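Heads up, the thing below is written out as structure tokens.
The values are calculated or read from the model by the stated rules, or taken from the named source; none is laboratory data. This one's a predicted model, so the numbers in the text were calculated from it and none came from an experiment. Glycine gets a Cβ as well: all are built from the backbone with ideal geometry, and neighbour counts include every protein chain shown.
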Amino acid sequence: MNLPLVITAVIVGVAVIIGFAAHGRTTMGIEDWSVAGRRYGGLLLWVLAAGEIYTTFTYLGAAGYAYANGGPVFYILGYGALAYVISFFLLPPLWRYAKRNGLLTQADYFTSRFGSRWVGALAAVVGVVFVVPYGTLQLEGLGDIVTTVTSGKVTSATAMLVAFGLTALFVFTSGLRAAAWTSVLKDALLVITVLIVGIALPLKYFGSFSGLLNAVNHAHPGDLAVPGSSPDGSLGVGWLVSTIALTSMGFYMYPHAFMATYSARSSKAIRRNATFLPFYQVLLLLMFYVGFAALLVVPGLKGSDTNFALLDLVKKGEPPAITGLVGGAGALAAIVPAAAIVLAASTLIGRNIYRDLIRPSASPASVLRVSRVFVLVVMAFSLWVAIASPGLIANLLLTAYDGVTQFFPAVVLSLLWRRTSRAGVVAGLVVGVGLVLFLVIGGHDPLWGMNAGFVALVANAVVTVAGSLLVPARASDEVMAEYAPAG
């Protein structure tokens with residue numbers, strides 16, 4: 001019997017049961033399905049946010065990135081800390097505006113704030129397009145985890161197919177509640193396994209964390225330098241600063257992060273969340289140590305194989321039961337955020353494309369039915385991308401960030417500056433997204449030593465401000481002062 005496979009399967013099975021049970025006796029309307037009726041207080045909001053934020057990137061990408069790039073991996077700690085500071089000030093006024101106007105999706109904000117269904121539909125399309133890489137990230141990570149912990153007995157494609165079916169079914173049934181309640185189990189396992197692996201393995205092989213760092217410095221001089229010295233010189237100071245800035249601003253610009261914010265019971269719960277979520281950064285630091293340890297214990301991994309650094313090290317240095325526990329926690333670290341992602345994408349399609357553009361008279365029940373159908377469509381497309389175009393997990397995440405961060409100038413300016421206009425926002429978003437597609441697909445990332453997404457973001461902000469000055473805001477574009485942050 002393959003003990004790691006059995007333990008992983010049991011953990012996933014328990015999570016699926018929790019996901020189905022989350023429906024309870026609630027009669028699901030579109031608001032209950034998409035934002036859980038806006039009932040979540042501090043604890044559930046915290047585990048939901050952590051469930052969406054700390055994903056397979058925590059398990060595979062962070063260790064793999066540390067293995068492949070050394071010191072530059074520390075940008076992750078920087079952008080996470082800044083993102084929580086931004087959320088403390090940005091999300092409460094956004095939540096107040098959403099509650100007052102009955103918003104359910106990210107695109108709803110653009111529709112309501114600028115009085116145009118077409119602007120909302122544009123935001124929906126951009127959100128769906130750039131959330132697919134993030135969904136792909138989760139499925140690919142799950143496939144890697146299951147294949148490795150089972151020593152190839154279960155193929156990556158098979159694991160992703162099973163995850164596709166299970167995730168789609170419990171999102172279809174329970175909506176955001178499934179993601180929130182499953183996050184409780186996922187977070188508990190994540191903390192336990194990261195503490196076990198992140199502390200035990202470096203100490204086992206090197207005696208102490210300082211011993212590990214000394215060994216890496218001796219074997220790979222300069223590898224731990226920050227900002228770093230990559231072979232092609234692309235990960236320098238400009239890249240580090242621009243990447244931290246880009247990712248901290250884009251942290252809550254994902255469509256599913258917007259929807260998680262809407263599920264809060266109060267703005268106080270959101271601020272409390274921003275205060276305590278930084279504690280999770282300690283887990284990421286431990287994953288960096290795992291990546292550094294793997295560089296010496298399981299050397300020779302290249303390209304996308306660096307994603308296996310954590311798993312290879314665990315299989316080599318831990319008993320099968322721990323390997324299975326890591327496999328189960330890693331599987332949930334993929335399934336939970338994948339559920340939130342597909343929920344957000346399908347709701348964007350059902351509400352902001354189907355209802356707003358195709359059938360304005362559609363009832364809430366009709367919108368819910370269409371959104372549920374697109375759960376399957378979005379999951380199927382993410383599955384196809386994961387199987388057909390596997391790649392380095394961290395790079396997939398950065399590509400997604402490049403796109404969704406282009407929402408940041410529009411959201412921040414429209415909350416703070418009354419003159420922010422529909423024309424300026426549309427022009428800025430089109431320029432920003434266009435530059436991301438051109439630069440990233442064209443292989444011009446980094447550009448001038450900086451993250452290409454950050455270059456696009458700056459251009460986006462300039463165009464948004466200029467467009468708002470040249471084409472003044474209409475009355476329907478003006479945000480009420482009560483929503484703006486104090487001061």
- [ ] Return only the number of the condition from (1) touching a Leu at 6+ places or on another chain (Cβ under 9 Å); (2) surrounded by 19 or more Cβ atoms within 10 Å (Cβ to Cβ); (3) of a type in the set (A, V, I, L, M, F, W, C); (4) at pLDDT below 65 that L60 does not satisfy.
- [x] (4)
Task: In region 352-369, residue surrounded by the most Cβ atoms within 10 Å (Cβ to Cβ) [restricted to those that are within 20 Å of A380 (Cβ to Cβ) and in contact (Cβ under 8 Å) with a residue 60 or more places away in the chain] - done: L368
TODO: Name the residue, out of A427, A452, that is aliphatic (A, V, I, L, M) and either more than 24 Å from the chain's Cα centre (by Cα) or at positive phi (or both).
DONE: A427
Task: Hits in region 293-318 (condition: hydrophobic (A, V, I, L, M, F, W, C) and closer than 14 Å to K204 by Cβ) - done: A293, A294, L296, V297, V298, L313, V314
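Here's the yes/no breakdown for (1) β-branched (V, I, T); (2) assigned to a helix (DSSP H, G or I):
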| site | (1), (2) |
| --- | --- |
| A293 | no, yes |
| G300 | no, no |
| T306 | yes, yes |
| L313 | no, yes |
| V336 | yes, yes |
Task: Residue within region 207-222 that is closer than 29 Å to G403 by Cβ and either out of contact with any Leu (no Cβ under 9 Å at 6 or more places or on another chain) or not hydroxyl-bearing (S, T, Y) (or both) present - done: no
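Yes/no matrix, rows are residues, columns are (1) touching a strand residue (DSSP E or B) at 6+ places or on another chain (Cβ under 6 Å); (2) modelled with pLDDT of 85 or more; (3) of a type outside the set (A, V, I, L, M, F, W, C):
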{"position": "L201", "(1), (2), (3)": "no, yes, no"}
{"position": "K204", "(1), (2), (3)": "no, yes, yes"}
{"position": "G211", "(1), (2), (3)": "no, yes, yes"}
{"position": "A219", "(1), (2), (3)": "no, yes, no"}
{"position": "D223", "(1), (2), (3)": "no, no, yes"}
{"position": "S229", "(1), (2), (3)": "no, no, yes"}
{"position": "L235", "(1), (2), (3)": "no, no, no"}
{"position": "S248", "(1), (2), (3)": "no, yes, yes"}
{"position": "R271", "(1), (2), (3)": "no, yes, yes"}
Task: In region 437-472, the residues that are of a type outside the set (A, V, I, L, M), surrounded by 14 or more Cβ atoms within 10 Å (Cβ to Cβ) and closer than 11 Å to S421 by Cα - done: T464, G467, S468
